[in-house]
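Read the structure below first, then the notes.
The values are calculated or read from the model by the stated rules, or taken from the named source; none is laboratory data. In this text, all values refer to a predicted model and were calculated from it rather than measured experimentally. Using ideal geometry, Cβ is built from the backbone for each residue, glycine included, and neighbour counts are taken over all protein chains shown.
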Amino acid sequence: MSLIASALYFRPRLEAALSALDKARLKLPIIDLQALFEDFDAQPVMLTDLPIGPWSSPVADAVMLAKIALCLRPRRVLEVGSYRGYTTKLLAAHTPPDVWIVAFDRDPRHGEAYRGSPLAAKIERRVGEVSEEAFASDPRGHYDLIFLDADHTYNAVKRDTEILLPLLAPEGIFVWHDYANWGRFSGKNGVPEFLHELSTTHPVAAVSGSWLAAHSPVWASENGAEPLAKTLRASRSELPGEDPWTTGTLRG
């Protein structure tokens, strides 16, 4: 660990102040989900739990993820880094009755939010470290929705994504949390840096109004590229004519 990273690791407020000076960090094109899903804004989300404390997801991100699930209507969902299980519970409450959700976390105590509730019948808890072996029983293309919110360091996000991405269905959506301008100097958050690299080979976009970023294999297909391009242009109307995947203009 460098001297700067060591000095800032336990000083999140100081790091946040320094990060605010870096206006060039977030470079992904922005996707407007209302333009991608016609009924996105109309989807109702009910919040019964508002978790607080370290590593709690912002409410806006939780609502955005629930709306994605409502529009996508997945049959199988994978959440990696489920922690206390509030996001898992929200996904279970906003997906069809026959959906199967795999909640994966290294902490054997994970899932307190839904354990013992009726929603637990839709959820399979798994405990372990992310590895090829941990998901060896899952066929390629098995999951319609994958949400990754585990170790945020660059190396971990890269490893986890490379293991999990083949498990995504051809028309599914892969969502990362914490595409956000924090943790750069301490090394706690390498999500932006990895996703910028991934976007050179895969269509990846930041989700407007959130700390989420998303990818779908269908966006690279002939049928999926045109609708996606329209929503990206709509969300970046100040950049007419630019290719959203190659532009050097920064996310504002």
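Scanning the range 96-111 finds one or more residues that are under 15 Å from the mean Cα position of the chain (by Cα) and under 30 Å from GLN34 (Cα atoms). Answer yes or no: is there a residue in the range 15-32 that is assigned to a strand (DSSP E or B) and touching a strand residue (DSSP E or B) at 6+ places or on another chain (Cβ under 9 Å). So far as the range 15-32 goes, yes, one or more of its residues are assigned to a strand (DSSP E or B) and touching a strand residue (DSSP E or B) at 6+ places or on another chain (Cβ under 9 Å). Note on the range 210-252: among residues that are outside any helix (DSSP H, G or I) and modelled with pLDDT of 90 or more, the one that is farthest from ASP22 (Cα to Cα) is SER216. Residues in the range 182-209 that are modelled with pLDDT under 90 and within 18 Å of LYS23 (Cβ to Cβ): TRP182, GLY183, ARG184, PHE185. Of all residues in the range 122-161, those satisfying the criterion of being crowded, with 19+ Cβ neighbours inside 10 Å, without any contact (Cβ under 8 Å) to a residue 40 or more places away in the chain and of a type in the set (Val, Ile, Thr) are ILE123, VAL157, THR161.
Only one of the listed residues (ARG115, ARG109) is of a type in the set (Lys, Arg), in contact with a Gly (Cβ under 8 Å, 6 or more places away or on another chain) and over 17 Å from HIS142 (Cβ atoms). That residue is ARG115. Restricting attention to the range 19-46 and to residues that are charged (D, E, K, R) and touching a residue at least 60 places away in the same chain (Cβ under 8 Å), the residue that is nearest to HIS94 (Cα to Cα) turns out to be ASP32. The number of residues in the range 83-99 being of a type outside the set (Gly, Ala, Ser) and in a helix (DSSP H, G or I) comes to 6.
Scanning the range 107-158 for residues that are touching a strand residue (DSSP E or B) at 6+ places or on another chain (Cβ under 7 Å) and over 15 Å from LEU78 (Cβ atoms) yields PRO108, TYR114.
In the set ARG126, ARG140, only one residue is assigned to a strand (DSSP E or B) and at pLDDT 95 or above; that residue is ARG126.
Counting residues in the range 53-74 that are in a strand (DSSP E or B), in contact with a strand residue (DSSP E or B) (Cβ under 6 Å, 6 or more places away or on another chain) and touching a residue at least 40 places away in the same chain (Cβ under 8 Å) gives zero. Exactly one residue out of LEU119, LEU164 is touching a residue at least 60 places away in the same chain (Cβ under 8 Å) and not in a loop (DSSP other than H, G, I, E, B): that is LEU164. Could you check, for the range 205-212, whether at least one of its residues is closer than 24 Å to VAL59 by Cβ and out of contact with any strand residue (DSSP E or B) (no Cβ under 8 Å at 6 or more places or on another chain)? Yes, the conditions are met somewhere in the range 205-212. For the range 181-190, the condition holds for at least one residue, the condition being that it is assigned to a loop (DSSP other than H, G, I, E, B), crowded, with 20+ Cβ neighbours inside 10 Å, of a type in the set (Ser, Thr, Tyr) and more than 16 Å from the chain's Cα centre (by Cα).
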